[in-house]
Number of protein chains: 2
Amino acid sequence: MSEKHTEISQLGEFGLIDRLTAGLEAKNDSTAKAVGDDCAVLHYDADSDILVTTDMLLENVHFDLTYVPLRHLGYKAAVVNFSDVCAMNGTPRQITVSLGISSRFTVEHIEELYDGIRLACRAYGVDIVGGDTCASHQGLVISITCIGSAPKGTAVKRSGAHDTDLICVSGDLGAAYMGLQLLEREKVASAGQPDFVPDFSGKEYLVERQLKPEARKDIIEALAANGIKPTSMIDISDGLSSELMHICKESDCGCRVYEDRIPIDYQTAVMAEELNMNLVTAALNGGEDYELLFTVPLTDHEKINKIEGVKVIGYITKPELGAAMITRDGAEFPLRAQGWNPLAAEQKSDAE
Amino acid sequence: MSEKHTEISQLGEFGLIDRLTAGLEAKNDSTAKAVGDDCAVLHYDADSDILVTTDMLLENVHFDLTYVPLRHLGYKAAVVNFSDVCAMNGTPRQITVSLGISSRFTVEHIEELYDGIRLACRAYGVDIVGGDTCASHQGLVISITCIGSAPKGTAVKRSGAHDTDLICVSGDLGAAYMGLQLLEREKVASAGQPDFVPDFSGKEYLVERQLKPEARKDIIEALAANGIKPTSMIDISDGLSSELMHICKESDCGCRVYEDRIPIDYQTAVMAEELNMNLVTAALNGGEDYELLFTVPLTDHEKINKIEGVKVIGYITKPELGAAMITRDGAEFPLRAQGWNPLAAEQKSDAE
């Protein structure tokens with residue numbers, strides 16, 4: 001963090017907002033009026049689906065500032081929203097950013113956080129069009145809403161999967177979760193040792209997947225370029241298992257996915273071994289991958305194979321067959337959904 | 001609060017969301033897909049300005065659950081966003097609702113909160129189209145984003161006021177602030193007395209203004225019906241003085257408002273007397289009125305007089321004249337802006 005410390009009280013609310021938003025430039029024609037009024041004004045043409053999504057992040061619930069740099073936190077807070085827009089087959093366009101800030105943060109801290117948000121916005125061509133900033137007695141609170149668009153009729157919901165559709169997933173799974181385990185382990189090891197240097201050698205990918213996830217806008221573009229409209233789509237934020245259950249529920253169908261088809265990076269496998277964790281469980285339930293899970297008609301099989309970084313992991317079935325994974329030895333293992341549970345904060349750590 | 005207590009852990013995240021959103025019906029044609037997917041899909045025609053605003057409310061910063069019923073809190077959290085859309089001369093259409101919830105809240109508590117939000121949405125014809133729900137270690141967090149629309153070209157910013165324009169305000173000012181003083185006083189008086197019954201007789205209006213504010217959608221409709229397009233507009237959330245400064249800054253102008261024209265309710269005056277507070281200071285700096293402050297060309301003078309509940313309180317000047325109030329005895333008193341300051345939480349109480 002920066003050495004310079006300006007108390008937020010010195011700037012006041014308006015001064016802080018001025019400082020945070022200085023030099024912002026609208027990148028989309030649809031951004032008619034951004035920060036600086038009661039509302040942002042957006043001009044969309046008649047041929048668009050407008051997409052809106054929102055995410056709230058709370059300190060010590062969603063992030064731990066002991067090992068998450070504020071810039072990374074800002075980047076991630078924005079990207080998880082972009083990922084939700086991509087999961088509708090859309091393009092993120094604008095975000096609003098609301099922050100609750102406790103008095104232990106300086107202007108520089110909040111600038112670091114905001115820099116991360118702005119970096120993500122530049123990388124994805126998104127405009128910051130508004131927000132709210134307020135005092136918090138309780139640590140940092142981040143709430144971001146994203147508005148996106150898709151050509152009319154091209155938005156993809158969770159509800160359109162049909163029997164025999166192929167189930168596809170982008171990238172690889174479980175790495176962000178393993179990154180979290182690694183960061184937590186180093187945090188414990190560093191306790192009371194101010195000179196402690198964490199050792200991430202050979203595991204950089206895991207740390208990056210946890211601290212700096214990306215939204216798969218590239219996959220959305222590749223799908224369009226190859227003339228593929230998925231029948232259903234969702235991003236993997238709570239784990240493959242949970243997201244598959246969402247698609248099955250919303251589409252009124254069942255599914256079969258093959259254990260040996262689930263894409264897993266080498267570093268993820270090594271880390272699971274090291275921590276004596278079940279690798280497939282981590283990939284199924286770990287969460288925070290922000291990869292895309294989608295279904296396409298069987299007839300798109302060849303088209304899908306052309307897209308780099310997308311893997312077919314199974315197929316959709318009639319609903320009465322339920323949702324299951326077929327293990328390496330051919331057994332069927334029923335999938336379970338996991339959701340947030342306030343009285344089971346250690347749930348994910350226990351997933352293994 | 002309800003007698004029945006269901007632990008949120010019993011429902012889990014998805015169960016809670018299902019329960020909260022059961023029976024929601026889209027009221028606007030533009031709501032193509034609401035709760036239940038990664039994004040809400042909104043269809044707007046080519047003739048609209050789309051408006052987006054967001055507000056975050058934190059426990060013990062923006063509200064005190066000792067005297068704010070959860071239903072009222074929900075209502076207010078939604079209405080303050082509607083007010084921002086109205087302040088652009090727009091109509092609120094959709095909201096997303098994000099909640100951070102600590103484990104001391106039961107499902108019933110959150111339902112009460114959400115009932116208030118839904119009540120406000122019904123009253124204003126707004127659809128809930130998404131949100132996020134998560135655990136909080138630190139008390140209740142509410143973040144609402146509102147999307148609204150206005151016919152293309154009719155959205156009103158803070159920046160269009162011109163020299164000689166009339167300054168208008170709806171309703172009356174300072175009552176919400178006096179309501180807060182009253183509630184705080186009764187809270188102190190009730191400390192340690194479980195059987196304490198607060199006495200609000202003759203002051204019901206003040207309590208209602210604090211606990212159940214309304215957005216002035218009726219004024220927006222009356223302006224349209226009378227063929228008036230304000231040159232600038234803002235809602236009064238931080239106090240008349242602060243909002244006038246915003247308009248002057250954004251419009252590059254000065255202003256003169258007359259002390260004796262500022263609309264103040266009888267109950268507000270009585271309460272200020274009782275608390276030995278300066279009445280005009282309360283009206284200028286009290287905040288949370290959610291009335292509309294706007295400017296119209298001098299030529300609209302007769303049209304404005306026809307609108308019930310709107311009062312002309314002054315006029316716009318050239319910027320070099322600054323922003324000032326003309327007191328009852330004809331003296332000029334410069335206006336000051338007030339903003340949020342995290343290290344001066346008692347600021348508003350000290351305003352007097």
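Values quoted throughout were computed directly from the atomic coordinates according to the rules given, and no laboratory measurement underlies them. Keep in mind it's a predicted model, so treat the numbers as computed, not measured. Every residue, glycine as well, gets a Cβ built from its backbone with ideal geometry; the counts of neighbours run over all protein chains shown.
General remarks:
- Taking a ≥ b ≥ c as the square roots of the eigenvalues of the alpha-carbon gyration tensor, the stretch B:85-228 is classed oblate because a/c is 1.5 or more while a/b is no larger than b/c.
- Inter-part distance, the stretch B:243-298 to the stretch A:240-259, computed on C-alpha centroids, equals 57 Å.
- Sites A:Glu7 and A:Leu65 - FRET efficiency at Förster radius 22 Å, r taken between beta-carbons, to 0.05: 0.70
- In order along the stretch B:247-257, phi translates into HN-Hα couplings of 4, 4, 5, 6, 9, 6, 8, x, 7, 10, 10 Hz, rounded to whole numbers, per the Karplus curve 6.51 cos²θ - 1.76 cosθ + 1.60 with θ = phi - 60° and x for Gly and Pro.
- Rg followed by Dmax, in Å, when the stretch B:166-350 is reduced to its Cα trace: 17.4, 59
- Using θ = phi - 60° in the Karplus curve 6.51 cos²θ - 1.76 cosθ + 1.60, the 3J(HN,Hα) couplings for the stretch A:116-122 round to x, 5, 5, 4, 4, 5, 4 Hz; x is entered for Gly and Pro.
- Sequentially through the stretch A:271-285, phi angles give Karplus couplings (6.51, -1.76, 1.60; θ = phi - 60°) of 5, 4, 4, 4, 8, 6, 10, 6, 5, 5, 4, 4, 5, 6, 10 Hz, Gly and Pro residues having no value and appearing as x.
- For A:Ile313, residues with placed amide H under 5 Å, excluding near neighbours: A:Ile167, A:Cys168, A:Val169
- Of A:Lys152/B:Lys76; A:Lys249/A:Lys303; B:Lys76/B:Lys318; B:Lys203/B:Lys229; A:Lys76/A:Lys203; A:Lys187/A:Lys217, pairs whose Cα-Cα distance is over 25 Å: A:Lys152/B:Lys76; A:Lys249/A:Lys303; B:Lys76/B:Lys318; B:Lys203/B:Lys229; A:Lys187/A:Lys217
- Stretchable slack from B:Asp260 to B:Asn278, in nm (0.36 nm times residue separation minus alpha-carbon distance): 5.1 nm
- Distance between modelled label sites at B:Asp18 and A:Val197, nm, 7 Å Cα→Cβ extension: 5.3 nm
- Positive end of the dipole of the stretch B:101-227 (Cβ unit charges, origin at the Cα centre): among B:Leu113, B:Ala155, B:Met178, the Cα lying farthest that way belongs to B:Ala155.
- Across the identical copies, how the B:Arg104 labels are spaced - nm, sorted shortest first, 7 Å along Cα→Cβ: 2.0
- Tensor-based shape of the stretch A:171-270 (alpha-carbon gyration tensor, a/c under 1.5 rounded, otherwise prolate or oblate): prolate
- With contacts taken as Cα pairs under 8 Å at a separation of at least 6 residues, the stretch B:166-350 carries a relative contact order of 38 percent.
- Anisotropy class of the stretch B:132-193 from Cα gyration tensor, a/c 1.5 cut: oblate
- Efficiency of FRET from Cβ geometry, A:Ile326 and A:Leu298, R₀ 22 Å, rounded to 0.05: 0.80
- For the pair A:Glu308 and A:Glu108, a Förster radius of 56 Å applied to the C-beta separation gives a FRET efficiency near 0.90, rounded to the nearest 0.05.
- Proximity of backbone amide H atoms, modeled 1.01 Å from N, is registered between B:Asp132 and B:Val97, B:Ser98, B:Leu99 at under 5 Å, excluding neighbours fewer than 5 places apart on the same chain.
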